[in-house]
Amino acid sequence: MAETAARSARPVQVEQEKPRGYWEDTLRQLLRHRVGMLGVVLVGILIVIGVLGPYLAPYDPNAIDARARFAPPSAAHWLGADDFGRDILSRIMHGARVSLQVGAIAVGIAATVGSLLGLVAGYAGRLLDEVIMRAMDVLFAFPAILLAIAILAALGKGVANAMIAIGIVYIPIFARIARSSVLTIREEEFIEAARSCGATDGRILFRHILPNAMAPLIVETTLSLAFAILAEAALSFFGLGVQPPDASWGRMLSEGRAYFQQSAWMALFPGLAIMLTVMGFNFLGDGLRDAMDPSLRGKR
Amino acid sequence: MKRLSVLLLVLLVLALGACSPAEPTQEPVESGEQELEQEEEAAEEPAAEEEPAAEEEAAEEPVVEGEPVSGGTLNVAFQNEWSGLDPHTVSSYSSYQILNNVLEGLTFYDDELNLQPWLAESWEQSEDGLTWTFQLREGVMFSNGREMTAEDVKFSYERLIDPATGAGNAGRVGPPETQIEVIDDYTVAITHPEPFGIFPQSIGFDKSTGIVARESLEEDGTISVPIGTGPFQITEVQGTTRLVLERNENYWQDGLPYLDSIIIEPIPDDTVRETALRSGDVDWILAIAPQNFQALQDDPNVVVETAPQLSYDYIGINTTREPFDDVRVRQAIAYAIDREQLCEFGYYGLCDPLQGPVGMGSPWFFEYAPYERDVERARELLAEAGYPDGFEMELLPTVEYGETVRAAQALQQQLAEVGITSTINAPEWTQWLELEGNFMYDAYICNWNGLIDADQYYYLQHHTGLVFNFTGYSNEDFDALVEEGRSISDFDQRYEIYEQANQILVDEAPYVYMYNKREIRAWAPHVHGFTVRPDQANNFWTVWVEE
Amino acid sequence: MNTRYIIQRLLLALVVVLGVSFVVFLIIHLVPGDPARVILGVQANEGNVAALQERLGLNRPFLEQYGSWLWGVLNGDFGRSLITRQEVAPQLARRLPATLQLAGAALVIGMLIAFPAGIISALRPGSKTDVFTSVLSQVGVAVPDFWMGIMLILLFSLTLGWLPSRGYTPLSENFMDWLAHIILPAATLGVISGSIQTRFIRSAMLEVMNENYIRTARAKGLSERLVITRHALRNAMITIVTIIGLQITALLSAVVVVEVVFGWPGLGRLALNSVLDRDYPLLQGAVLVIAVLLTLVNLLVDLVYFFLDPRIEYA
């Protein structure tokens, strides 16, 4: 996530259309935004656990232990153990990586492909615009979860394919946002100026338009990360996504639901992990939106 | 403003109420601990704990029950949605479990699994063993009021064995060349190209051999709602979300069925289905999750009963693929697994470990059990086969049957201990069938259900090239034995034959058997007269409800 | 807004709907797995699979199958389910109202939560009420829908015994029964949807409240209530309508999970099962209906824009 944002921010610093201090300003605004900072902290924790989780986890997350079956939270198993006696804390730590991957890759696909399509559509206009945007409408006219399930069925199960499926589902959102940004920016003076200096379409699109359409896309990226985490959980509910015995939060929550009355901890902690992460991304998105451009508020 | 704040307050309270169950409330956790202890006890000696309980209830009930009352409606929740109702093309249990109450065969296995005359009153085999002649019961009416005759038997059987129908169960009646001849209205003769000694048994197993009225056929040659002679008729089908059975007023058994109607709806989620029963929304549920067995048994508003299934859960090994074409590799897997643990993790101990296909409850049980867990022996066999360091393989359970996915996870760890590294691929049913049906797997995990006669345990699954032989197993001696076994009728003679066949099969291990599960059904205390059958049939005509 | 614009929109919508049907057809044929095998189950083998495919017309070329399906639909024939052999059209007709009722009730519950909560927090940004509402709405957004549904069932059906855990009674049969059955699934969707809407309504209101004319109105001494209803809410409406439009879209997608959890006989569950069974006539029908619905909602949103703000121009 942080990577995506950092990478996409880079060209802006090279370009000079916005005042030099714009991104520093944004950062300062964000640091002052309480909710936004809470988001930064929560997302930060996710990233740390996602990266270091496998080294921090007290147990092998897939190791079956008949003696620890349904063990409630205790000193040995801080968050309890599941129906196979596997340590829930360790599984959550490993699951953090899955969530991080699902989020980053799914949203990465959606943001890259979607923004690109939106940019091209908005910039080219006419027939190409019509074709691309109607294709996006087609994708958008499916119930998202059905589309994801159908794509997943076509690609075969597995976490990698789940990421692709979720990614495809979110492409139209990015395309629409990118396109509408382009439509407003296209007519600005500095674009005219660049064109009169003989800049190619590609150069105008990627060096002039894209950086200026970035703000809403970044906000959408953070918000989509939250949705991607929830989408993984929904796919797990239908038994798709990560393959057993590997842990993902959605899978743990979905499996744990059958035991809620006997061993509530099995579903409770992965549920909390999902909730805190989703909230983290949403807080961060809110913070970024307020920090970057107040006029963006309420566009979603 | 004030009104707004009040409204907001109310809404917030509502929202709080809605969100709070996600937090750990005190109550469920406490009861969870209790149940955990009980579950552990149950886990240690599953059979000892349940059986007396079940018998106790059975012994008590008749006293409490009193006389059956006619009338009323039973609300029934299935687990899975049915896949069609044409008895000649479906194979899913959820479809058969509906058809159990709609169609009847010439013969029928009663609750004790004894073969009874049903639509036929008697039958005899010709001298040469090729022809079976059935004397039909007179005055049996289809639910549409027309009398069933030999013509209907001919129609049903011929449609089943017609290769164009594509029926998976055609073999129950015989090969496509089988001749079905109407002698008079109440006499029908079936002639097979080879002697078929267990034909009366074969047509009593499931409803693919039920007698269907020709009027069920639609213009395009399909059957969406079959008309039968059974105690109930299908009067309403809403896709696969709701199906209504109403009593067949023309039913031939006097006084039966008791119920006026049965409403069947599928509820896939275990928690929701069980809650529906506990809160009184439905009267009877088809399946409960094994992990909740204890909790439901402790609930005074729920009656839970079990019966050992006539089934086996097994690992099917692809004998057409390296390294599984080597019998030593398959045996190594059979030695590597800990069946007790698989049963515990896969089905919460509501099962018995199994080394051959047939469970102890069946008259066809054989005491041949060479594979006690032996990690050393498994390693030796792997080394002999040329895999001293093991190999990598994929396990193929299906999410359709949760226990196969759970067993696979325990299996993974057990195989790792002998050096076999395995990954799990658990697709949904449709995809699983495709992979399994086309030899696109290393080892799949599944189960066979509703097996009554020995023939069903051995013939179609393992005879060279036959329809259900998905492992590619082939052995001439075995083939000869199971062919002979189905051509004769005498039990003792057949027992000897199948004992030999069983030994060959277990030794060569195209299937590695894991466990024999118990069938679980649960219903509300006001429901009476239901018997949990080992073959998983749900027969509702003796069921009645208290006011 | 003129008729030409509407006709143009409708024509484009038709293209989109056709595209949807083609994409479904394509995906479902790319997916491994065969309806014939689903019907035959474990008993499938080369011979009977081929026989059944022949009988169901599954071995015809892809485009021919699509063509004949499309021709059928244009003639009002949606075909038959491959699995149950039942006609598709009556099933769609029976399930569409169930889904619409569920999504509609959820939308109402969502709005009943979101409007008061969003407006009140926007009036006093940073106040305790605001923080409280924000946190709650964040929680609501972050709970997976199937989880929320199961928790509601455990609380209201099992523990309290107030409401039925699942099932459906048609509205025409018995209103009270219908109401009792719809509350839990609609609340599951409604609480989540309401939480999302709360956040948007709050920011839309905040933005408007900072505008000059609100300050002017206040300075004129108008009552707070008039300021909110006459000026602020009205001007925030454009954004809010957009959000509601998006929410309807989101609800028609979210019903899939909730219909499965609550055994609600709606289109989402039908579509899901037909994906799993590769029952494409049924899937095609269901997706077609949903796509038409979504397209209509979008069109409706545009129309509402026009009435709310006649300044909006349509090219």
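The values are calculated or read from the model by the stated rules, or taken from the named source; none is laboratory data. Keep in mind that what you see is a predicted model, and the values were worked out from it rather than measured. Please note: Cβ atoms are built from the backbone with ideal geometry, for glycine as well, and neighbour counts cover all protein chains shown. Accessible surface is based on the protein model in full, side chains and every heavy atom, while ligands, DNA and RNA are left aside. Shrake-Rupley method; radii C 1.70, N 1.55, O 1.52, S 1.80 Å.
For the range C:52-81, the set of residues classified as open to solvent by less than 30 Å² (accessible area, probe 1.4 Å), touching a residue at least 60 places away in the same chain (Cβ under 8 Å) and within 9 Å of chain B (Cβ to nearest Cβ) consists of C:Ser81 only. Residue count for the range C:254-286, restricted to those that are open to solvent by less than 20 Å² (accessible area, probe 1.4 Å), within 12 Å of the chain's Cα centre (by Cα) and at the interface with chain A (Cβ under 8 Å from one of its Cβ atoms): 4. On the stretch given as the range C:146-177, residues that are facing another protein chain (nearest Cβ under 7 Å) and either of a type outside the set (Gly, Ala, Ser) or in contact with an Asp or Glu (Cβ under 6 Å, 6 or more places away or on another chain) (or both) total 12.
Do we have C:Ile182 as modelled with pLDDT under 85 and either outside any helix (DSSP H, G or I) or away from chain A (no Cβ under 12 Å) (or both) here? Talk me through it step by step, then tell me what you get.
Details: modelled with pLDDT under 85: no; either outside any helix (DSSP H, G or I) or away from chain A (no Cβ under 12 Å) (or both): yes.
Taking the combined requirement at face value, the residue does not satisfy it.
Could you please let me know if A:Leu268 is at the interface with another protein chain (Cβ under 7 Å from one of its Cβ atoms) and either in contact with a Gly (Cβ under 6 Å, 6 or more places away or on another chain) or of a type in the set (Phe, Trp, Tyr) (or both)? Walk me through how you get there before you give the answer.
Details: at the interface with another protein chain (Cβ under 7 Å from one of its Cβ atoms): yes; either in contact with a Gly (Cβ under 6 Å, 6 or more places away or on another chain) or of a type in the set (Phe, Trp, Tyr) (or both): no.
No; evaluated as a whole, the condition is false for this residue.
Scanning the range B:455-481 for residues that are within 21 Å of the chain's Cα centre (by Cα) and part of a helix (DSSP H, G or I) returns B:Asp455, B:Gln456, B:Tyr457, B:Tyr458, B:Tyr459, B:Leu460, B:Gln461, B:His462. B:Val225 passes every criterion in (1) surrounded by fewer than 16 Cβ atoms within 10 Å (Cβ to Cβ); (2) in contact (Cβ under 8 Å) with a residue 24 or more places away in the chain; (3) part of a loop (DSSP other than H, G, I, E, B); (4) not charged (D, E, K, R) apart from (1).
Determine if the range B:234-247 includes at least one residue that is surrounded by fewer than 19 Cβ atoms within 10 Å (Cβ to Cβ) and more than 14 Å from chain C (Cβ to nearest Cβ). Scanning the range B:234-247, I find at least one residue that is surrounded by fewer than 19 Cβ atoms within 10 Å (Cβ to Cβ) and more than 14 Å from chain C (Cβ to nearest Cβ), so the answer is yes. For the range C:82-97, which positions are under 21 Å from the mean Cα position of the chain (by Cα), buried (at least 19 other Cβ atoms within 10 Å of the Cβ) and facing chain B (nearest Cβ under 9 Å)? Across the range C:82-97, the qualifying residues are C:Gln91, C:Arg95.
Go through the range B:357-399 and report how many residues are aliphatic (A, V, I, L, M) and under 22 Å from B:Arg518 (Cα atoms). Give the derivation first.
Of the residues in the range B:357-399, the ones aliphatic (A, V, I, L, M) are B:358, B:360, B:369, B:375, B:378, B:381-383, B:385, B:393, B:395-396, B:399.
Pick out the ones that are also under 22 Å from B:Arg518 (Cα atoms) and you get B:358, B:360, B:369, B:399.
Matching residues across the range B:357-399 total 4.
Taking the numbered list (1) open to solvent by less than 30 Å² (accessible area, probe 1.4 Å); (2) under 27 Å from A:Arg257 (Cα atoms) in turn, C:Ile214 passes all entries but (2).
Could you check the range C:7-17 and list, in sequence order, the residues that are in contact (Cβ under 8 Å) with a residue 24 or more places away in the chain and either more than 9 Å from chain A (Cβ to nearest Cβ) or open to solvent by 50 Å² or more (accessible area, probe 1.4 Å) (or both)? Don't jump to the end; show me each part of the working.
Within the range C:7-17, the first condition is being in contact (Cβ under 8 Å) with a residue 24 or more places away in the chain, and the residues that meet it are C:9-10, C:13, C:16-17.
C:Arg9, C:Leu10 - these are the residues of the range C:7-17 that are in contact (Cβ under 8 Å) with a residue 24 or more places away in the chain and either more than 9 Å from chain A (Cβ to nearest Cβ) or open to solvent by 50 Å² or more (accessible area, probe 1.4 Å) (or both).
Report, by residue number, each residue of the range C:198-214 that is more than 14 Å from chain A (Cβ to nearest Cβ) and under 18 Å from C:Ser121 (Cα atoms). Within the range C:198-214, just C:Ile214 meets the criteria. For the range C:42-75, a tally of residues being part of a helix (DSSP H, G or I) and over 33 Å from the mean Cα position of the chain (by Cα) returns 12. Among the residues of the range B:411-452, those that are more than 12 Å from chain C (Cβ to nearest Cβ) and surrounded by fewer than 18 Cβ atoms within 10 Å (Cβ to Cβ) comprise B:Ala416, B:Glu417, B:Thr421, B:Thr423. Within the range B:456-467, being in contact with a helix residue (DSSP H, G or I) (Cβ under 8 Å, 6 or more places away or on another chain) and open to solvent by 10 Å² or more (accessible area, probe 1.4 Å) holds for B:Tyr459, B:Leu460, B:His463, B:Thr464, B:Leu466, B:Val467.
Would you mind stating whether B:Arg533 is closer than 18 Å to B:Leu113 by Cβ, within 23 Å of the chain's Cα centre (by Cα) and assigned to a loop (DSSP other than H, G, I, E, B)?
On the way: closer than 18 Å to B:Leu113 by Cβ: yes; within 23 Å of the chain's Cα centre (by Cα): yes; assigned to a loop (DSSP other than H, G, I, E, B): yes.
The answer is yes for B:Arg533.
To keep it simple, each residue is scored yes or no on (1) of a type in the set (Val, Ile, Thr); (2) part of a loop (DSSP other than H, G, I, E, B); (3) open to solvent by less than 30 Å² (accessible area, probe 1.4 Å).
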{"residue": "B:Glu483", "(1), (2), (3)": "no, no, no"}
{"residue": "B:Ser489", "(1), (2), (3)": "no, yes, no"}
{"residue": "B:Asp492", "(1), (2), (3)": "no, no, no"}
{"residue": "B:Tyr498", "(1), (2), (3)": "no, no, yes"}
{"residue": "B:Asp507", "(1), (2), (3)": "no, no, no"}
{"residue": "B:Lys517", "(1), (2), (3)": "no, no, yes"}
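Kindly establish whether A:Gly198 is open to solvent by 30 Å² or more (accessible area, probe 1.4 Å), away from chain B (no Cβ under 14 Å) and not in a helix (DSSP H, G or I). Yes: the conditions hold for A:Gly198. From the list A:Asp286, A:Asp246, the lone residue that is more than 13 Å from chain B (Cβ to nearest Cβ), touching a residue at least 40 places away in the same chain (Cβ under 8 Å) and among the acidic types (Asp, Glu) is A:Asp286. Among residues of the range B:261-282 that are closer than 16 Å to C:Arg269 by Cα and within 8 Å of chain C (Cβ to nearest Cβ), those with a beta-carbon under 8 Å from a residue that is in a strand (DSSP E or B) and aliphatic (A, V, I, L, M) at least six positions away or on a different chain give the pairs B:Glu265/B:Val76; B:Glu265/B:Ala77; B:Glu265/B:Leu243; B:Pro266/B:Ala77; B:Ile267/B:Ala77; B:Ile267/B:Ile285. Can you find, within the range C:234-248, the residue that is nearest to the chain's Cα centre (by Cα) among those that are open to solvent by less than 20 Å² (accessible area, probe 1.4 Å) and at the interface with chain A (Cβ under 10 Å from one of its Cβ atoms)? Ranking the candidates gives C:Ile243 first. Looking at the range C:109-164 only, could you name the residues that are in contact (Cβ under 8 Å) with a residue 60 or more places away in the chain and among the hydroxyl-bearing types (Ser, Thr, Tyr)? Of everything in the range C:109-164, those that are in contact (Cβ under 8 Å) with a residue 60 or more places away in the chain and among the hydroxyl-bearing types (Ser, Thr, Tyr) turn out to be C:Ser121, C:Thr133, C:Ser134, C:Ser137. For the residues A:Leu116, A:Leu183, A:Leu100, A:Leu127, the requirement of being in a helix (DSSP H, G or I) and within 22 Å of A:Gly50 (Cβ to Cβ) singles out A:Leu100. Selection of the range B:340-386 for residues being away from chain A (no Cβ under 14 Å) and part of a helix (DSSP H, G or I) yields B:Val375, B:Glu376, B:Arg377, B:Ala378, B:Arg379, B:Glu380, B:Leu381, B:Leu382, B:Ala383, B:Glu384. Of all residues in the range B:387-400, exactly one satisfies the criterion of being open to solvent by 60 Å² or more (accessible area, probe 1.4 Å), part of a loop (DSSP other than H, G, I, E, B) and under 17 Å from B:Tyr314 (Cβ atoms), namely B:Glu400.
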